Structures are given as C-alpha cells and as structure tokens.
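Colleague: Below are the structure tokens for one structure; questions will follow.
Any read-out appearing in this document is the output of simple, stated calculations on the displayed coordinates, not a laboratory observation. All values derive from a computational prediction rather than experimental measurement. All Cβ positions, even for glycine, are placed from backbone atoms using ideal geometry, and neighbour counts span all protein chains on display.
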Amino acid sequence: MRRDPLIALRPWESPEVTSWGRMPMNAVDRRNDALSLDGSWHFQMVPAPGASSGEWTRIEVPGAWTMQDVGDLPQYTNFRMPWGEFPPTSPTANPTGVYERSVDIPAEWAGRRIVLQVGAAESVLLVHVNGHPVGISKDSHLAAEFDLSDVVRPGGSATLRLTVIKWSDASHIEDQDQWWHAGITRSVLLYTTDALHLGDVTVRARRDGRLRVDCQVRNASGALPEGWYVTGALEGHQLLAQDTEFDRLNAEDMRVSDFLGEARLRTTVRDVRPWTAETPELYELTVRLHRADGSVADTSHHRVGFRDVEIRGRDLLVNGERVFIRGVNRHDFHPLTGRTVTAEDMRADLVVMKRFGFNAIRTAHYPNDPALLDLADELGFYVVDEANIESHDHAHEIADDPRYLAAFVDRVSRMVLRDKNHPSVIIWSLGNESDYGANHDAAAGWVRRHDPSRPLQYEGAAKLDWSDETVASDIVCPMYAPIEDCVAHALSGKQTKPLIQCEYSHAMGNSNGTLADHWAAIESTPGLQGGFIWEFWDHGILQRVNDGRPAGRAGVGLYDNGVAAPGHRWAYGGDFGETIHDGAFIADGVVFPDRTPKPAMYEHREIAAPVRLTYAQGVLLVHNRQHFRTLEWLTAEWHLVRADGGTESTPAELPDVLPCESAAVHVPFPLPESPEGEAWLTLRVTTAGDEAWAPRGTEVCLPQVRLGAGTTAAPVPVAGPPAEVDEEGLLVHPILAAPPVLSLWRAPTDNDEIGGMAARWRDWGLDALVRKVVDVRREGAGVTVVAEYATGGGTVRHEQLITPVAGGLRIEESAELPDTLDDVARVGTVFETVGGLDVLEWYGQGPWESYPDRSAGAPVGHHSLAVDELFTPYLRPQESGGRHGVRRFALSAPDATGLTVELGAPSQVSATRHRAEDLAAAAHHDELVPRPGCVVHLDAAHRGLGTASCGPDTSSQYLIAPGIHRWTWTLRVP
C-alpha cells in the first residue's frame, strides 16, 4: 500500500514545518460568499497518525471531538504538559481524528479559483482531496486556506479528508492555561474567486479623516493581465482616489512585477466621526478590483473605524487621549462545545462585559474567533490581540530554539495579517508566558515593519526590568504585580513606558478582593493605566454525573443562574479521570460557565462607572468619568435611603458635563435633622435610549454617597425572665437550633487554599474548635459566660454577656486572640436557626454578595432575598454569601414568624443552608445537602478575600490582628 506522503513527513514532530501548501493569510473576508461545509461529517478515531483505520461514525463540525463522546475526553492543565516528552517530540499514543465528506462542486465555478478554508484545527491539520495530498497547517487558532482548483472538478463531486493530529511539536507552544481539546473547532467552508483576485487589503484610517487603502492583486492563472485597476467607495458614495504618486514611485523603483500588483487608494472624510470604545463609529468601505473593460473581478467589504493609537512618553493614547484600560482576559469557551463558539455566543459575552464596565479585551492566549473582532469593532472594545504562543512548561528552552523560529514568526505575522483592519485592535501581543528570546525579537521585528501604526507588548520581555527600553515590548505589562510595586515604579522617575497589567485580580472562586483599592491607586497615579482581570470565564464543562461524560450539545437548558441541573455538575480538572491535571484552577472567571455574573462583576461595574458622586462639606458633585462621551446618553433617578426604613425617589437631571469633568448639583432631599439619622443618597443611572449592547432603561451604575453618619442607641435592659443557658453556658432559645458560639474559621476560598492560609488555620485547629466553659455568672436577669478555646496558636478567651432587653436579648461579646494567631479567617458568632426561615431582609450593603475588601459595588439599602438565593455557587464550594456593612437583619417564615438581629456596628453577616465544614468537605455542589435551618454568621471582623490563588493577597488593612475584638448584637423575635 502506498504510504501517505504527508504522514511520511512526520510534521507533528517537525517544528520547522509550519505549513505546506497553505495559502498566505490575508484580510479579505470571504465568509459571506462561501459554501458552508459545517454539519455532520464521517469520522473515525485512530490511536496515532498513520495507524490503521478505526470504526466510522458521525461527528459535528465545527466542534471539538473531546466534547462529542468519541472516547477522547478533555484534560485540564495550567502550565504542565499533559505528557512527559520534551520538545519537539509528542507521545506515541496520539489520538488522531479522520474527517471525511463528499462535496458537490457547483458547475458555475468552472474556470474559477476554488479555495478550502478550515477555520481552526487542533493541533496539526493534514488535507487530502480525492486522495491527493493538498496541504499541512499548524496553529490551532487561525484559519488555513488551500487552493483546490487543480484537484476538484466543477460540476462533479469531491471527497475531502481532513486528518487532525492531537499532539505535536506545536503543542509545546500551545501550552495555555485551559482545557486541552482536539478536532476542528471553527467553521469549514469553500469559496471561489475569479483567477484575477484581491490577494490582500490593508486599511489605515486616521482620526482626522485620512483614509488609505493598500491592495495586493494576484492572478491564479499566471501573469497579471493588462489594464486592471482598483476602486473604492465609502458609505455615502464618497469615492476613493487612485494614488498616482504611489503608482509612479512603484514604477520608478521597479517594485512592480508580473505576478503581484499593488494599488493605493486615498481620501479624506470631512467631519469624520472618530472610533473609540465609547463611540464605536464605523463606516462601510467597498473595494473593487476591475478588469480592463471595467467589469468587476473581485470585491472586498470592510467596516472602517477612524482612530489613532500612539504612545507618548509613558501614556498610551487613543485619538490623543490617555484612556484607562478596564480590561478582562477572554478565551473562546462554551460549557457544551468547549472551544467552539457562535457569533451569538460572542455577542452575549461582549454585551455582559459592556454592561459591567469593561472597555478592553485581551484575547488570551491566542487569536479568538474572527467574529469576535467584528463585534468588538461594533460594540466598542479596545483589544490586545495575542498570538498563539505559550511554551509555559519549556519556556526557557524554546524561546531561543531556532527550530521554533519559523513558528513564532508565522503565528505572529498571520495574526497581524488577519486582524490588521480592525479598529478595535490597538495593541499586538507576541504571546504569553514563553520566557524571552531571539524568537520573540524576530517576530517583533516583523510586526514593527509591517504595522507601525500600533504598539506591541509582551509580558516576558519586560519581566526582569520594567525600565529596560531595549526589549520587544512598548508597554510594561506585568502579571499580578502588587499595586504598591506599580505605584513605586511610577513614582521612581525611571518609568518610560505605560504600565498596564496584562493580568491582575485573579477571579478564582470567591475572589477579586482589593479591586477598588487597586483602581484608586491607578486613577491617582500618572503612569498607571489599568489592566486586564484574569479572566472572563469559569471554564466549567457541563458533565453528566451518571457516566462522567460531557453533556455535549444536548445539555442546552440544563443550567441556570450559574447552577447545573440535577444529575449534572460543572466539571473541572480531574473530573474526566485525568491523572495529570490542575483541579479547579480552570474556574477563575468573573462569570460562571453559563455567563451568569459573579458578585465581583458588580464591584467592577461601580469602579468603572461612567458617573460618580462625591459629597463633602455640603457640596454634591457629579463626575463624568468617560474619556470621549458626555452624559447625554444616560438618564437617572435619585433614591434616598434612611436607616429607619424610609425611602424616597425623584427623577434626576444629569448635568451637561464634558468628559473627565465634574459639576455641582443640588442635594435633592432635605438633609437628616439629627445626628442619629443615617441617610444614603444613590443615583440610579440607566441608558436613556437603546444602545447596541443594552436596551433603553438598562442599569449602568449605582453611585452612592452618605448624607448623614447616624448613630445607634443601645437597647435598654428591662426586667423580665432571665436569659436561659444550659449547663455549658450555651444560650437556649426556641428560635435557635444551635446556640451562638465563637467562630474563627471559614470554608476556605480558593485563595485561602492556594495561598496557604487554610493550611495554617487547620494547623491551628480553627476548623474544629473545642470549647471549654470556664465560668458562668448570674447578674440579675443577665448572665456572663466565659469560655476558652485551645488552638495550635494558643488559647482564645471568649466572653458573652447576655442581657434581657425589650422583646429579646442583647449579647455583648469579646474574644482575645493571642499574638500567635495573627491572621485568622474571621472573629465572630455562628448560630443555627430552626427550619422554615426562608427569607432574609437586611439593612446594609447589597443586594449582592460583598466582603470587606470587595464592597465598593454594593450600595447600602434595604434589601430582601430568599435564603437560598444568598448563597453563591462557586464551582468548588467555599465561603460565600456574605453581606458587608449590615446594621440589622430579619429571618422570617411565610407565617411572619422568625427573628431579627440588630448589630451594634456594621458587620459582615451571612445566612446559608450550609455549615463551613459542609462546604469545605465538598468538591462540587451536587455533593451538598442543605440543612433545614439557617447557618448564621455575625462577624466582628472578617478577613479580606484578596487574590492569592494567583497574585497578591489582600492588603494588610483587611487582615485580622491579634488582641481583643468586641461586638454586640440584639436578638428579637416578633
């Protein structure tokens, strides 16, 4: 049997071979005029390239085969390779998928150029047509095109065979923090052009209205015919003029040839509407290639945004303005299809980002589906477009390995060639976490020559010295740098480049602590311009619990509000039987796998709000925090919240405030007359009309200021029945299923576990405190209970003074922590209620979850939620559901029975159906069994969340110091 020549080349272990027979990348979009080959294909899986055939079945294209029940499952690793072979080799067991289908070639395509486009294949693609070898391609996240004109017959049928090899030398530079998949993950199509066609179109549009269009013209039949020419028209029928000076210079310099034609068109648009992320103005451009007789041979359509990007000093400027980059890292992801996403999926992603204040995307860590950039142009996002290069496990070795030189340049250059006409792309990125070497410098040199209109960045280039001007990065873009270090650099006098973190504030589980502090430093420090949160998605795959397989496309509708339906769960690393994996580290996004926003999103929304309020010395200011837009697109309403439960509302007239400016407005309500009258003024800001990303009336932000500080009078003791305690000094009360005791522990967050705090707390024994009553003293109707808790860090002394007051009990507590317990999770009280209390009403911050270092986005008000809605379903169960700054709350049953608690000071409160040990013991939510009553925590102090799973821990101000902590609360029943 004749051996397949493509297999004989062993391209999966030849890094020097980036392609064979593949056409050059270009920016001419053929998607709208193509014949789609998406749908059901014949498929077989074989154990290695060139192995004997397996059984034929059917598979959907596009779609990762790892999500389609063919026997090869997803695997998650962060930076470790999933096998031990060193670059450039791959394992002997190498799943290989063979796709086949027949295609009828339209008869009217006779005499035309016929091209196959495979949108993405992971990781090596071999193409055969009618048994003939056609080509090879690598790069799992860029399209590959092959000219089939010589191997298919118009009017006949052709058999396409696409062989996809999972593991290869390319896998070593596609070692990103994500699921490993395989297969054809983007659309496959056929298109046709005239032999005389546009080879490429480059659009350069400046904010002053100047437009230049460079065209490359090719002829598949041989030499270019005489007399061809190119025309261009902008919307409104504004014609572009042929650049005759360009033609003359080309002729003089003998830059013309028989096989490549070049043409340049120019025009200047008067009263141009510039493109920015706030004002994404686009113009339709049509470029036509004509034959000598004037007939049209080829056409290319583009949406043009007029904008400039430059670096001036240490500032990144868009249209001459220094802009804050409020970014998020984004993967192509879907919980049912893995890496295959539709345009509708991507629009939904961007709509959520836009509604929560993000204005920038980093395509981590590869070029995303091309439709994403169309949407970013339309909806308004600044994009850092990142090449598909990450050699994390072998970064140092590969960065200077000449065998990989071609791959680095190929991946970067093809990304630039594909995406260069998108106004949303403002920065090119050379890749991620691949050390720094000659291969990066070579790729950077190509970009600087081809596209000098944009800066480029690479974190690894500036990693060792932020002040080094010689490296291949125009931006200092560190990962998870402590904000103190960033501020110190900006104030050092050595900063010469913008500092924009490519990753910061790791969103794993209950996280994103100190986000507001981070942005306060950025906004107040020249030289700091923002960064990109890691990341947008929790990459949980919907998994059937009964057989452990991905739910696949049949899983539509089996999740809601971040929760998987019964019989299903969100799978993370290790859930598919892999022995090499990195667990729940894949669940590190600001949205759940179904795109439900996590509470941290509301924090970001308020920090990034276009409108802010300040109130000082009787002056109320409205601030426009945008760079280019006035407030005319917004409408608003004032809301006043009083501590006594009173609320008032009135329409607000937003002032005419220019970008980055402020205006004083009248306080719309009378100020509190007494110092006890705490009052909060909130401006509910909504869209005044329909936006591309939000219908009229969509809530944009809720800025809030306090008008009156307020004080709370202590309840007066009254004569009545004495407080009842048992022989251990524990409070006995009919509404309580478990008495109030000291709590120093929380179910560890991902940050607690990975940051090492949880291990320290367990070593101290805080997860299993043993209480020893020391003294019980009666004083009239009251009782004082003294208890001690022995820990690995010393003894904690806890006192409770329980005093009857009108309608209930006042509990004054103190806990003395020895110096060795210098960082505990919480200091407070935990108790459990009887069953049936299903609704929590509270006065404090909300309505969404908030914590001491993540509370800027939760306005003070009167809130109410069902207890089951208070709990946040992070993929790995952990501490959640807390509300910060609570002054009082009530837990009630449908018959209005229940309890109320008044706090002596604003406190951290939670009420859920789970004890901390329940959460800590579970790996997934399907393992949790809700308790009938409520587990209630009242914390005098609660440790901040930080982002220590990958990045800085919380700031020192949010740690719990040793010493004496005091808190007071009053328990009443209706």
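Colleague: Sorted by mean Cβ packing within 10 Å, highest first, what order do the peptides 481-493, 327-339, 306-318, 126-138 take? Mind dumping the intermediate values first?
Modeller: Values: 481-493: 15.8, 327-339: 25.2, 306-318: 17.8, 126-138: 20.8.
Ranking the peptides 481-493, 327-339, 306-318, 126-138 by packing returns 327-339, 126-138, 306-318, 481-493.
Colleague: Across all directions of projection, what mean area in square nanometres is found for the Cα convex hull of the range 170-315? Numbers along the way, then the final one.
Modeller: On the way: hull surface 58.0 nm².
If I average the Cα hull's projected area over directions, I get 14.5 nm².
Colleague: Let me ask another. Starting from the Cα coordinates of the range 347-443, work out the convex hull volume and express it per residue in Å³.
Modeller: So the per-residue Cα hull volume is 94 Å³.
Colleague: Right, something else. Let me check I've understood the local charge: for Asp271, count other residues with C-beta under 13 angstrom from its C-beta, Lys and Arg +1, Asp and Glu -1. What total comes out?
Modeller: Details: positive: Arg207, Arg270, Arg273; negative: Asp208, Glu281.
Taking every Cβ under 13 Å from that of Asp271, the sum is +1.
Colleague: Quote the relative contact order of the range 215-306 in percent (integer), defining contacts as alpha-carbon pairs under 8 Å separated by 6+ residues. Show your work: numbers first, answer last.
Modeller: On the way: 144 pairs, mean separation 30.1, N = 92.
Relative contact order of the range 215-306: 33 percent.
Colleague: To two decimal places, what compactness ratio does the range 540-586 give when its Cα radius of gyration is scaled by 2.2 N^0.38 Å?
Modeller: That works out to 1.13 for the range 540-586.
Colleague: Here's something else I'd like to know. In percent, how large is the relative contact order of the range 540-586, given Cα pairs closer than 8 Å and 6 or more residues apart?
Modeller: 37 percent
Colleague: In µm²/s, what is D for the range 611-702 at 20 °C and 1.002 mPa s, where D = kT/(6 pi eta Rh) by Stokes-Einstein and Rh is the Kirkwood radius from Cα pairs?
Modeller: Value of D from the Cα-based Kirkwood radius: 151 µm²/s.
Colleague: Still on this structure, I have one more. Using a Cα-Cα cut-off of under 21 Å, which lysines could be cross-linked to Lys354, ignoring same-chain neighbours fewer than 8 residues away?
Modeller: Partners found: Lys598.
Colleague: Between Glu226 and Ser102, what's the calculated FRET efficiency when r is the beta-carbon distance and R0 is 35 Å? Round to 0.05.
Modeller: Calculated transfer efficiency: 0.30.
Colleague: Under the Cβ-under-4.7 Å rule, which cysteines of the chain stay unpaired?
Modeller: If one checks each Cβ against the other cysteines of the chain, Cys215, Cys486, Cys660, Cys701, Cys934, Cys950 turn up with nothing under 4.7 Å.
Colleague: For Lys166, list the lysines whose Cα falls under 28 Å from its own Cα; do not include residues on the same chain fewer than 8 positions away.
Modeller: Lys138
Colleague: Mind jotting down a quarter of the surface of the convex hull over the alpha carbons of the range 736-972, in square nanometres, one decimal?
Modeller: If I average the Cα hull's projected area over directions, I get 12.6 nm².
Colleague: Name the residues of the range 305-319 whose amide N is less than 20 Å from a point 7 angstrom out from the Cα of Leu491 along the C-beta direction?
Modeller: Output list for this probe position: 314-315.
Colleague: Sticking with this structure for a sec: For Asp400, what charge total do you get from the other residues with a beta carbon under 14 Å from its beta carbon, if Lys and Arg give +1 and Asp and Glu give -1? Provide the component values of the computation, followed by the final result.
Modeller: On the way: positive: Arg403; negative: Glu397, Asp401, Asp435, Asp441.
Around Asp400, the surrounding residues sum to -3.
Colleague: In percent, how large is the relative contact order of the range 679-835, given Cα pairs closer than 8 Å and 6 or more residues apart?
Modeller: Result for the range 679-835 is 23 percent.
Colleague: Could you calculate the contour length gain from Arg255 to Gln242, that is, 0.36 nm times the residue separation minus the distance between their Cα atoms, to one decimal place in nm?
Modeller: Working: separation 13, 0.36 × 13 = 4.68 nm, distance 1.73 nm.
Difference between extended and current length: 2.9 nm.
Colleague: Here's another thing I want to ask about it. Can you tell me the FRET efficiency between Thr92 and Asn130 if r is taken as the Cβ-Cβ distance and R0 is 25 Å, rounded to the nearest 0.05?
Modeller: Calculated transfer efficiency: 0.20.
Colleague: Under a plain spin-label model, where a point goes 7 Å from the Cα along Cα-to-Cβ, how far apart in nm are Arg266 and Arg549?
Modeller: Simple spin-label model gives 6.3 nm for this pair.
Colleague: If you find the alpha carbon centre of the range 930-949 and of the range 526-593, how far apart are they in angstrom?
Modeller: If we compute the Cα centre of each part, the gap is 23 Å.
Colleague: Would you tally the net charge around Thr192, using a Cβ to Cβ cut-off of less than 12 Å, leaving Thr192 out, and scoring K and R as +1, D and E as -1?
Modeller: Values: positive: Arg30, Arg112, Arg113; negative: Asp33, Glu108, Asp147, Asp194, Asp298.
With Lys, Arg at +1 and Asp, Glu at -1, the net is -2.
Colleague: For Ser157 and Ala406 in the same chain, what is the full-extension length gain: residue separation times 0.36 nm, less their Cα-Cα distance, in nm?
Modeller: 86.0 nm
Colleague: Mind checking which aspartates and glutamates have their Cα closer than 18 Å to the Cα of Lys463? Skip sequence neighbours fewer than 8 apart in that chain.
Modeller: Cα-Cα hits under 18 Å: Glu386, Glu390, Asp393, Glu397, Asp400, Glu433, Asp435, Asp441, Asp474, Glu484, Asp485, Glu503.
Colleague: Of all alpha-carbon pairs in the chain, indicate the percentage at a distance above 44 angstrom.
Modeller: Tail fraction, whole percent: 39.
Colleague: Mind jotting down the distance between the C-alpha centroids of the range 878-922 and the range 175-228, whole Å?
Modeller: 58 Å
Colleague: Where does each of 4-12, 348-356 land if you order them by average Cβ count within 10 Å, highest first?
Modeller: Details: 4-12: 17.1, 348-356: 20.6.
For the peptides 4-12, 348-356, the packing ranking is 348-356, 4-12.
Colleague: Can you compute the helix-only [θ] at 222 nm over the chain? Use -39500 (n - 2.57) per DSSP H run of at least 4 residues, normalise by all residues, nearest 500 deg cm²/dmol.
Modeller: That calculation yields -3500 deg cm²/dmol at 222 nm.
Colleague: Now for a separate question. Using amide H atoms built in the peptide plane, which far-off residues or other-chain residues are under 5 Å from Ala121 H to H?
Modeller: Leu142, Thr185
Colleague: Another question about this same structure. In nm², what is the average projected area of the convex hull enclosing the Cα atoms of the range 687-742?
Modeller: On the way: hull surface 39.4 nm².
Average of the hull's projected areas for the range 687-742 equals 9.8 nm².
Colleague: Sorted by packing (mean other beta-carbon atoms within 10 Å per residue), highest first, where do 503-509, 626-632 land? Write out the running numbers ahead of the final one.
Modeller: On the way: 503-509: 27.4, 626-632: 17.6.
Output ranking for 503-509, 626-632: 503-509, 626-632.
Colleague: Rounded to whole Å and ordered largest first, report the semi-axes of the equivalent ellipsoid of the range 921-974 derived from its Cα gyration tensor (root of 5λ).
Modeller: 27, 25, 8
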